[in-house]
Amino acid sequence: MSESHADPIPGATASPRQRASQLAQALREELRKALIGQDAVIDGVLTALIAGGHVLVEGVPGLGKTLLVRALARCFAGEFSRIQFTPDLMPSDVTGHAVYDLQSEQFKLRKGPVFTNLLLADEINRAPAKTQAALLEVMQERQVTLEGRALAVPQPFLVMATQNPIEQEGTYPLPEAELDRFMLKLRMDYPDAEAELRLVRQVTRSARADMLDVSALRQQLTAKDVLALQKIASDLPLDDQVLDYAVRLARATRDWPGLALGAGPRASIALVRGARARALLRGGEFVTPDDVKGCAADVLRHRVRLTPEMDIEGLSVERVLRQLLDQVAAPRL
């Protein structure tokens, strides 16, 4: 990892873990310059990047979902692709296809936009299931099979998909198998009054109509740095009691009152990976139960379903998960 990004720690040589934390925190500060009033969402996306997972961001239009990925691409010297999902988008528009070359009289593979480091799947729920399913293999196995050949995508690889709330017209709900591939589902809400004032002041000073300009953001890390961050996070010490707590949280969803569908083992894995990433992001030396609890709602909200009775009563998934997190005992370390 390049030394130039990290500030020296007074009186000590920074360890790789400390340098990694400083690098992650510098990236967070840079993203906050672009996306005002959405600190929790920024932390969620960084958690996924460090944990090597994918993110689904839900929110009404105009809150900066696309801006966040553009800002992240700007701060990270990797390749960036964007696919605008539409009802007529075909799977081959996502993964690529074979093209017949008249000169050589042979088929040549034309790689699709998934061959990148950062992929923005914009408004993913505007495309039908067969096109959404084109992402399943690459999200899970980091490869695409084209004409019988398995082609690896560059590393690191992060899919950030955005979706408008399902109630809107012309949307297709994501199938369970695909939802489960997303490590986190983040909710992007309206900024508070103070943040909105700052946002409007900053945007109206810019010459770019109603857009925040990301060109002023500085590159903070390279693709190699991200892989190093992921490695350091995966090696962070994790007590058996904390591991047990993560598994108990996921298992509790399977027979919790009010939940018809619980989270599978992928949720337990995501809780542990997410907790390690959060620990690194805050500069911790080891993973705490609070790190697990801090990412639990983001890991679980898209993996559980309410019972019809709860739905009729107007109870939300968020509220049921809050009760679960309050009642499942966390270990005291």
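The values are calculated or read from the model by the stated rules, or taken from the named source; none is laboratory data. Quantities reported herein were computed from a predicted structural model and do not represent experimental measurements. We place every Cβ from the backbone using ideal geometry, glycine too, and count neighbours over all the protein chains shown. In case anyone asks, the SASA skips ligands and DNA or RNA and just uses the protein heavy atoms, side chains included. Shrake-Rupley method; radii C 1.70, N 1.55, O 1.52, S 1.80 Å.
When the Cα convex hull of segment 246-333 is projected onto planes of every orientation, the mean area is 5.5 nm².
Per the Debye formula on identical point scatterers at the alpha carbon atoms of the chain, with no solvent, log10 I(q)/I(0) at q = 0.07, 0.08 Å⁻¹ is -0.31, -0.40. With the cut-off at under 11 Å, measuring from each backbone N in segment 308-333 to a point 7 Å along the Cα-to-Cβ line of Phe286 picks out 333. Springs join every pair of Cα atoms under 10 Å in this Gaussian network model of the chain, and among Val200, Val287, Val242 the largest mean-square fluctuation is at Val200. Per residue, the chain exposes 49 Å² of solvent-accessible protein surface, assessed with a 1.4 angstrom probe and all protein chains in place.
For the chain, a crude dipole built from +1 on the beta carbon of Lys and Arg and -1 on the beta carbon of Asp and Glu, taken about the Cα centre, is about 660 debye to the nearest 20. The alpha-carbon of Lys33 sits under 26 angstrom from the alpha-carbons of these lysines, leaving out residues fewer than 8 places away in its chain: Lys65, Lys185, Lys224.
With R₀ set to 22 Å, the beta-carbon distance separating Glu309 from Leu179 gives a calculated FRET efficiency near 0.45. Quickly estimate the mean residue ellipticity at 222 nm for the chain, helices only: each DSSP H run with n ≥ 4 gives -39500 (n - 2.57), and the total goes over all residues, rounded to 500. Helices in the chain give a 222 nm mean residue ellipticity of -13500 deg cm²/dmol. What FRET efficiency do you get for Ala193 and Gln84 if R0 is 25 Å and r is their Cβ-Cβ distance, rounded to the nearest 0.05? So, using R0 = 25 Å, E works out to roughly 0.20. Can you tell me, using C-alpha contacts under 8 Å and at least 6 residues apart, the relative contact order of the chain as a whole percent? Across the chain, relative contact order equals 22 percent.
Normalised by the residues of segment 24-146, what does the relative contact order come to in percent, with Cα pairs under 8 Å and at least six apart? The value is 24 percent. Applying 0.36 nm per residue to the separation of Asp235 and Lys130 and subtracting their alpha-carbon distance, the gain on full extension is 34.1 nm. For the residues Thr288, Thr204, Thr86, a GNM of the chain with alpha-carbon springs under 10 Å puts the largest fluctuation on Thr204. Of all the accessible heavy-atom surface of the chain, with the other protein chains kept in place and a 1.4 Å probe, what percent is carbon and sulfur? Of the solvent-accessible surface of the chain, carbon and sulfur hold 51 percent.
Highest mobility in the GNM of the chain, judged by mean-square fluctuation with C-alpha springs under 10 Å and restricted to His302, His54, His97, is found for His97.
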